[in-house]
Amino acid sequence: MRDATCVEWMQRFIAPGLTAVETMLNKRLQTDFAHGHEPGLIDICIMPQLYNTNRWDLDVSTYVNITRIAENCAAHPAFQAAHLDAVKPNE
């Protein structure tokens, strides 16, 4: 069971970062990834944060650009190979 205070804290601090990234992305041309048609550093940074949004039940439906980029990253073989669930040690 997760502590409600911890969930609230995580949601409180993850959301502003995603909002800032979404605001920056709104000022750019919409491409497959944050800075073009190939993944880059910002895409690599977005994906772990989105993993945390799922972990901490944060609604990301308002982040249209981030959602688009995440879908493209999730379809990319390098991101699939590096996904946290793909590299979990055997428990």
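Derivation of every value follows stated rules applied to the coordinates shown; laboratory data play no part. Quick caveat, the model's predicted, so the values are computed rather than measured. Glycine also receives a Cβ, built like all others from the backbone with ideal geometry; neighbour counts cover every protein chain displayed.
Of the trypsin sites (Lys or Arg not before Pro) in the chain, which ones lie in a loop per DSSP and count no more than 12 other C-beta atoms within 10 Å?
R2, K27, R28
For the chain, give the magnitude of the charge dipole about the Cα centre (Cβ charges: +1 Lys/Arg, -1 Asp/Glu; no others), in debye to the nearest 20.
Value, rounded to 20: 180 debye.
For the stretch 1-58, with the dipole built from +1 on Lys and Arg beta-carbon atoms and -1 on Asp and Glu ones, taken about the Cα centre, which of Q11, L29, M47 lies farthest toward the positive end?
Farthest along the dipole direction, towards plus: Q11.
What ratio of Cα Rg to 2.2 N^0.38 Å holds for the chain?
Normalised Rg, Cα atoms only: 1.15.
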